[in-house]
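**Student:** After the structure tokens below, expect a handful of questions from me.
Derivation of every value follows stated rules applied to the coordinates shown; laboratory data play no part. Model, not experiment: these values are computed from the prediction. Counting neighbours? That spans all protein chains shown, and the Cβs are built from the backbone with ideal geometry, glycine included.
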Amino acid sequence: MRVPPIKIGAGYMMPLKIINFKQMKRNLTITLFLIALITPGLSCLKPFKQDNSGNQNSQFQSAAGNYQNFCAGCHGDNLEKFAAKEWMDEEGSSSAFQSIKYGIEDIGMPAFQKTFSDEEIKELAEYVKKGVPEDKALLKPAVTPGGVVESEVQKFVVDTVVSGLNVPWGLAFLPDGDLLISEREGKLYRFSDGKLSEPIEGLPPIKASGQGGLLDLSLHPDYETNGWIYLSYSALTAESPKPLGNTAVMRAKLQGNRLVDQQVLFKGIPDNDRSHHFGCKLAFDGKGHLFFGIGDRGQHFDFPQNLDNHNGKIHRINEDGSIPADNPFVNQEGAMASIYSYGHRNPQGTVVHPVTGEIWVTEHGPRGGDELNLVEPGLNYGWPVISYGINYDGTVLTELTEKEGMEQPVFYWTPSIAPCGMTFVTGERYKNWSNNLLVGSLRFKYLERVVLNGHSVMHREKLLEDIGRVRNVVVSPDGYIYVAIETPGKIVRLVPIE
Ligand code: HEC
């Protein structure tokens, strides 16, 4: 018995004018559930149920509870992101109090004055100050090095390949097996024979603060003949009175330990002083195009729904930086010609499906609204008009989860996992994971395996639980899965065992 593919992604919105979408999804779920019930062995085909009924705002009384509920998503369950801060050594907790109450808008710290009383904020500030783990051992990954991990359908060993990094971001394998690694703070290394090179020279000016810095790396599909390395980064365009910038894409060639022939192919506009929501994973489609996303740059009411700027968009350019003649908005006056789709919040996973060539994107939502989207040209993915998430401070962001003319995600994560990095599993090494999606979770520190059937999520599995904040995942040319992890920064490889 064949189960028809369920199409709930972009591009299948036409019938929605007559059919209630939720009703349609519920009917499909029921149908599939019944099929699964009457057909033993088919239960894996039941699409994943999306349940957003849990009240995300349930208030805890204690500072620890408030911390877990409102803060841990960005600062870590164990307050580990606070560990290295200078203000931790200050007397008292008044600067922390100020930060929590009023927020620090330009770096992405929300204000909580509407959420908590001053007393609660004071308790949180004290909690944050004294709760920092003195024993860094708390941060040790739970996976035993060398130990065999028995996941649902695949056994593997976690092999640490590179350690001693800060925040690794992009990974690109050179034909000789060497690995190029970018660090967010603005450094590029070549890893060769078990050693990291000196930082590679010739990088552009980079705005390395908050979520900004040197971001993704990708080799041109014909790298062996043309030598082009593509880099995405937060371009620094002015230093004072405040550093300004936006996401940019450059290509260059590597000569010794230096980049040469640099060409800036794309620079997002407008610049701003925010240090968050830069996007920007790079993906070639093998047909001459480069795809990448830029986030809303922390100003969601201004940018994602308007086509006169680059923020909150997925872009498509040609490999030389020119604009494809068939981009959806090339002929629309006032629209940025590189825009492929719009209404995105902060896309940090962009991949081309190895079989269908479709563009799949994960994006960070607000609290409880991370999305997996199937991106099609010219469509609007709804941010910030529709969302399954709420504001960080617990207030309502939008009442709407769907709207005509705006696409539904294929899947959304509540609570947010903070998806970063994504790849399809290709090649022969992990046969039971073939064409599954792997998605990194910064928030919950694991790698998520997502089984798709067409455009539906059928099953999810947590791999590498507690390994650390997962920043990126790629499949190497020789078919191994590599995962980049933060704090402490390292790169591990999953070595399959039959
Ligand atoms: C959306 C993500 C986000 C959430 C949610 C969030 N913060 Fe922050 N917070 C940040 C960022 C980004 C910074 C600035 C960079 C840093 O210090 O890590 C920051 C900074 C701070 C600082 C100041 C640190 C300094 O160096 O001055 C404090 C204190 C703080 N946060 C406490 C909290 C508390 C308590 C909560 C929960 C009530 C919370 N934050 C929720 C993102 C967040």
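**Student:** Could you put Glu363, Glu486, Glu428, Glu358 in order, starting from the residue whose Cβ has the fewest other Cβ atoms within 10 Å?
**Tutor:** Glu428, Glu358, Glu486, Glu363
**Student:** Quick one: the Cα spread of region 236-285 along its three principal axes, in angstroms, biggest first?
**Tutor:** Its Cα atoms span 36, 28, 15 Å along the three principal axes.
**Student:** May I pose another question? Starting from the amide H of Arg469, placed 1.01 Å from N in the peptide plane, find each other amide H under 5 Å away whose residue is 5 or more places distant or on another chain.
**Tutor:** Glu486
**Student:** Round to the nearest 0.05 the FRET efficiency obtained for Asn453 and Glu428 when R0 = 25 Å and r is the Cβ-Cβ distance.
**Tutor:** The calculated FRET efficiency here is 0.70.
**Student:** Please give the net charge around Tyr230, taking every other residue with its beta carbon less than 9 angstrom from that of Tyr230, where Lys and Arg add +1 and Asp and Glu add -1.
**Tutor:** Neighbourhood net charge equals -1.
**Student:** Between region 228-244 and region 408-450, how many Å separate their Cα centres?
**Tutor:** 29
**Student:** Thr225 to Asn257: extension gain in nm, 0.36 nm per residue of separation minus the Cα-Cα distance?
**Tutor:** 9.6 nm
**Student:** Going by the alpha-carbon gyration tensor, a ≥ b ≥ c the square roots of its eigenvalues, is region 151-229 rounded (a/c under 1.5) or, if a/c is not under 1.5, prolate (a/b greater than b/c) versus oblate?
**Tutor:** oblate
**Student:** For the pairs Lys195/Lys445; Lys187/Lys445; Lys155/Lys287; Lys207/Lys281; Lys155/Lys445; Lys281/Lys490, note any where the Cα-Cα span goes beyond 28 Å.
**Tutor:** Distance filter (> 28 Å) returns Lys155/Lys287.
**Student:** Sticking with this one: If you take the beta carbon distance between Asp478 and Gln68 as r and set R0 to 51 Å, what does 1/(1 + (r/R0)^6) give as a FRET efficiency, to the nearest 0.05?
**Tutor:** For R0 = 51 Å, the calculated efficiency reads 0.80.
**Student:** Tell me which aspartates and glutamates have Cα within less than 16 Å of Lys101's Cα, excluding those fewer than 8 residues away on the same chain?
**Tutor:** Output for Lys101: Asp118, Glu119, Glu120, Glu123, Glu126, Asp393.
**Student:** Just to be sure I follow: if Rg is taken over the C-alpha atoms of region 165-314 and Rh is the Kirkwood radius over the same atoms, what is Rg/Rh?
**Tutor:** Numbers: Rg = 15.3 Å, Rh = 15.7 Å.
Radius of gyration over Kirkwood radius for region 165-314 works out to 0.98.
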